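See below for the structure under consideration.
The values are calculated or read from the model by the stated rules, or taken from the named source; none is laboratory data. All of these numbers come straight from a predicted model, not from anything done at the bench. Note that each Cβ is placed from the backbone with ideal geometry, even for glycine, and that neighbours are counted across all protein chains shown. Each accessible area value is taken on the protein alone, full model and side chains, heavy atoms only, with ligands, DNA and RNA left out. Shrake-Rupley method; radii C 1.70, N 1.55, O 1.52, S 1.80 Å.
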Amino acid sequence: MISTELVLMLRKRRVWLCWALLCLLPTVVAVLLATTRLAPPPGRGGAFLSAVLSDGQLFPAAALALVLPVFLPITVAIVSGDAVAGEASAGTLRYLLVRPVGRLKLLVAKLVSVAAFTLLAVLLVTVTSYIVGVAAFGFGPDAELGGGGITSLSGATLTPLELAGRTAGTVGYLALCMLTLGAVGIFFSTLTDSPLAAALGVLAVVVTSAALQPLDAAEAVRTFLPTQHWLAWIDLFRDPPLLDAVRTGVEVQLGWIVVAFGAAWANFTTKDVRPVSGVIGHGQ
Amino acid sequence: MSESVITTTGLTKRFGRVVAVDHVDLDVPAGVRFGLLGPNGSGKTTLVRMLLGLVHATSGSATVLGEPMPRRAAAVLPQVGALVEGPAAWGHLSGRANLRLLDAAGPGGRRRDRRRRVDEALERVGLAGIDRRPVKAYSLGMRQRLGIAAALLRAPRLLLLDEPTNGLDPRGIHEMRDLLVALNATGTTVVLSSHLLTEVEALCTRVGIMDAGRLVLADDLASLRAPTGRIRLRTPSPDAALALLDGRVEAREADLLTVRGDDPAELNALLVGAGVPVTAIDRERRSLEEVVLDVTGSGNDRFEGHR
């Protein structure tokens, strides 16, 4: 079932469109920056944006910071909201279940395919923005000295190997953060037959979490907000990397995934798969 | 009667305050072609969905192929082919890709036989020549055929088909009937639900009739359609016949007479011997339509006011 699910995902035009748009936004920013050479002053604008003019290799980090707050969550919401609700509204859900595919197995396959989507999304953004960044801004001044190394946020120079390792860590961490939304999306997707409703539900969670984050009154629950730790990966680019925030982030995200997936399973395992309301069919 | 393929006892399903299926005790013997008839909303599809484990019963139990459902779904369903509530497919993929993915999604069957299984199923339903067009470009009839191909993919022992001829043209309906009879001859039990009486009458050997969630009747078609003890005959001189058969004639519509009696041959001889010509004569049988109208209410798509 997992291979079927992956094939299904990879053959959806919507998925490729999401990936293309994710890669397009950083590219547009890179083109604008490269033609105007007007970088935002340090401390304003997206993270790393002020530094990319001097070193194109930092652009993947800047690109991830660009797509993280809105774009990436939207694509994950669309894809995960479609997971079960899409099959239900297309009618293919009942044929999968009588094939038979166990209900837990189906949900696991959906989670794996959403995980693959998020990982590939973050990876594609990283790779394209690295290519675009180096093409637009070239290697930094440290490149000749340190053999392609870049300056970390703390001022020390990172070797290419260190940079690769930290970038990989960032990709994994962000994919995990997005998988949290994916698991929530799968849960919502089992509650409704409308993929759109499930996707909007995910976005509602993101917006609520982001709104609570700066509130002092929400101090007690802040650590558990899914968006709270999204920017912790920036610490990976310090020297030496600060792992505390990332570790907390990973724990919180895993907690969300377990809870959301458990809720999805609890709801779906006893759910009646009935005709889609609102669609005129025959029989009852 | 041989072993049962489907048995339900007191099977009931409520959706909120609506009782969709109400204490149904159904028994489908192996090897029959069973037709489930009933007006729209009589609970046919909900019953089929419960047998497939898609909908969970509120109370009662169901056994399919000797195993309890839905508890043993993993063992039962690989031997069941189903078409529920119309066909469905991933619209952006071709018919062949749809069947391949569906085949790959579930248990059983070797991977290298997949192409052969898919090709055979497509050939049986008359889609052997389909190209790479996506299913969303298919006509309703082609989708219906694809849905039946998906049901046949695993050479099932039991076929559960909901409105299998929906969207097919007369030739397609005829082909599908031949296909189901051929499958039945090789031992597959066929259960189909339909609101088309002629469909069930032409195909099935046993009939169940549902009304307002209850199974109001289940019997062999042959005994439902047993002679009524009357003979219908047509004659160009009805008055002469009426005089001859005085007292035995129950009804007369122009040249059509309904006469009490069991033996058309004897009656024919009597009339011809007396010089009354007979152009048509046969036992009167109840049509399935009469049987259905007799035992069912108006269905739930009709709402009449009480004045």
### Query
Considering region B:82-114 alone, what residues qualify as being of a type in the set (D, E, K, R) and either touching a helix residue (DSSP H, G or I) at 6+ places or on another chain (Cβ under 7 Å) or in a loop (DSSP other than H, G, I, E, B) (or both)?
B:Glu85, B:Arg96, B:Arg100, B:Asp103, B:Arg110, B:Arg114
### Query
Name the residues in region A:78-95 that are free of Cβ contacts under 8 Å to residues at least 60 places away in the same chain and over 14 Å from A:Leu191 (Cα atoms), would you?
A:Ala90, A:Thr92, A:Tyr95
### Task
Filter region A:97-129 down to residues that are away from chain B (no Cβ under 14 Å) and of a type in the set (S, T, N, Q) and give me whichever is nearest to A:Thr270 (Cα to Cα).
A:Thr118
### Message
Between B:Arg96, B:Arg171, B:Arg114, B:Arg154, which is farther than 19 Å from A:Tyr95 by Cα and open to solvent by 20 Å² or more (accessible area, probe 1.4 Å)?
### Response
B:Arg171
#### Entry: Elements of type helices (runs of 4 or more DSSP H) contained in region A:2-102, each with 1 or more residues being under 30 Å from B:Val55 (Cα atoms) and open to solvent by less than 10 Å² (accessible area, probe 1.4 Å)
A:2-10, A:71-90, A:92-97
#### Entry: Residues located in region A:211-228, provided they are open to solvent by 20 Å² or more (accessible area, probe 1.4 Å) and part of a loop (DSSP other than H, G, I, E, B)
A:Gln213, A:Pro214, A:Leu215, A:Gln228
### Message
Could you tell me how many of the residues in region B:164-215 are in contact (Cβ under 8 Å) with a residue 12 or more places away in the chain and in a loop (DSSP other than H, G, I, E, B)?
### Response
14
#### Entry: Count of residues meeting criterion [within 18 Å of A:Ser3 (Cβ to Cβ) and within 12 Å of chain B (Cβ to nearest Cβ)] in region A:78-92
2
#### Entry: Single residue of region B:72-93 satisfying the filter (without any contact (Cβ under 8 Å) to a residue 40 or more places away in the chain and open to solvent by 30 Å² or more (accessible area, probe 1.4 Å)) that is nearest to the other protein chains (Cβ to nearest Cβ)
B:Ala74
### Message
If I go through region B:5-24 residue by residue, how many of them are more than 14 Å from chain A (Cβ to nearest Cβ) and surrounded by fewer than 17 Cβ atoms within 10 Å (Cβ to Cβ)?
### Response
4
## Note on the structure
Cβ pairs under 7 Å, 6+ apart or interchain, first in region A:127-139 and touching a residue at least 12 places away in the same chain (Cβ under 8 Å), second part of a loop (DSSP other than H, G, I, E, B) and among the aliphatic types (A, V, I, L, M), ordered by first then second residue, are A:Gly133/A:Val52; A:Phe137/A:Val52; A:Phe137/A:Leu53
### Query
Given the conditions (1) at pLDDT 85 or above; (2) not in a helix (DSSP H, G or I), and given that A:Pro241 satisfies all but one, which numbered condition is not satisfied?
(1)
### Message
If I ask for residues that are surrounded by 24 or more Cβ atoms within 10 Å (Cβ to Cβ) and within 14 Å of another protein chain (Cβ to nearest Cβ), which ones from region B:25-47 would you list?
### Response
B:Leu36, B:Leu37, B:Gly38, B:Ser42, B:Gly43, B:Lys44, B:Thr45, B:Thr46, B:Leu47
#### Entry: Selected residue [open to solvent by less than 60 Å² (accessible area, probe 1.4 Å), out of contact with any Pro (no Cβ under 6 Å at 6 or more places or on another chain) and among the charged types (D, E, K, R)] from B:Glu250, B:Glu199, B:Glu266, B:Glu289
B:Glu199
## Note on the structure
Per the list (1) over 29 Å from B:Pro29 (Cα atoms); (2) away from chain A (no Cβ under 14 Å), residue check on B:Arg132 breaks on (2)
## Note on the structure
The residue that is nearest to A:Ala90 (Cα to Cα), considering only those in region B:132-144 that are open to solvent by 80 Å² or more (accessible area, probe 1.4 Å) and outside any helix (DSSP H, G or I), is B:Arg133
